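Notes for the one structure printed next.
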Amino acid sequence: MEAEHVARLRRVIGRLARQLNVTSTGEGLTPSQASVLGLVAVRGPIGLAELGELEGLNPSMLSRIVRRLDDDGLIRRLSDPADLRAVRVEITPAGQLVHDRLRDLRTKVVSDCLDRLPAATVDTLSAALAALEALADELKSAGSTLTT
């Protein structure tokens, strides 16, 4: 792919992420807090080390986010039966409600936008989904390679 197209793709991915992140503020969460809550909802109970790795957060930042979500009653800390020094987190019923509202809102925002686009553009986006998913997987692999 041409360098100009790579730069455009990178910029549009960033713009999409920023625009979707705005939806988390309606729940009083930062984008990072909403992302951590989402991962705990989907993958929990989950250990803090794995959570930090998946989110790409340093331990002190992750600790602050987990403390805030725990204080707000959205997640709870658990002892890890395999390692009593480790902590796992799981979503609470209140946290699940917040996660569901955020997911539904983001889905509605994207759906409403797609409804306003020409059918040919929507078809092109649908056809590109598999390629975008492959790119996301490759970016995740490249990110873990860069941090090791």
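The values are calculated or read from the model by the stated rules, or taken from the named source; none is laboratory data. A quick note: this is a predicted structure, and the numbers were derived from the prediction, not measured. Cβ: placed from backbone, ideal geometry, glycine included. Neighbour counts: every protein chain shown.
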### Task
Would you mind stating whether residue 138 is surrounded by 10 or more Cβ atoms within 10 Å (Cβ to Cβ) and more than 18 Å from residue 38 (Cα to Cα)?
yes
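Output yes when any residue across segment 105-120 is free of Cβ contacts under 8 Å to residues at least 24 places away in the same chain, assigned to a loop (DSSP other than H, G, I, E, B) and within 30 Å of residue 1 (Cβ to Cβ), and no when none is. Outline the logic, then answer.
Here is the first cut: in segment 105-120, the ones free of Cβ contacts under 8 Å to residues at least 24 places away in the same chain are 107-108, 111-120.
After this cut, where a residue has to be assigned to a loop (DSSP other than H, G, I, E, B) as well, the list is 117-118.
Keeping just the survivors that are within 30 Å of residue 1 (Cβ to Cβ) gives 117-118.
So far as segment 105-120 goes, yes, one or more of its residues are free of Cβ contacts under 8 Å to residues at least 24 places away in the same chain, assigned to a loop (DSSP other than H, G, I, E, B) and within 30 Å of residue 1 (Cβ to Cβ).
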### Query
If residue 75 satisfies every condition in (1) within 24 Å of residue 112 (Cα to Cα); (2) without any contact (Cβ under 8 Å) to a residue 60 or more places away in the chain; (3) surrounded by 12 or more Cβ atoms within 10 Å (Cβ to Cβ); (4) of a type in the set (A, V, I, L, M, F, W, C) but one, which is the exception?
(1)
### Residues within segment 1-38 that are out of contact with any helix residue (DSSP H, G or I) (no Cβ under 8 Å at 6 or more places or on another chain), outside any helix (DSSP H, G or I) and surrounded by 10 or more Cβ atoms within 10 Å (Cβ to Cβ), tallied
1
### Query
Which residues, taken from segment 47-64, are aliphatic (A, V, I, L, M) and touching a Leu at 6+ places or on another chain (Cβ under 7 Å)?
48, 51, 54, 62
### Task
Kindly indicate the residue of segment 39-70 that is of a type in the set (Gly, Ala, Ser) and assigned to a loop (DSSP other than H, G, I, E, B) and also surrounded by the fewest Cβ atoms within 10 Å (Cβ to Cβ) among those meeting that condition.
56
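Take the residues of segment 80-136 that are of a type in the set (D, E, K, R) and more than 24 Å from residue 24 (Cα to Cα): which is modelled with the lowest pLDDT? Steps first, please.
From segment 80-136, those of a type in the set (D, E, K, R) are 80, 83, 85, 88, 90, 100-101, 103-104, 106, 108, 112, 115-116, 123, 133; that's our starting set.
Subset that is more than 24 Å from residue 24 (Cα to Cα): 80, 83, 85, 123.
Numbers: 80: 75, 83: 79, 85: 80, 123: 97.
Going through the qualifying residues, I end up with 80.
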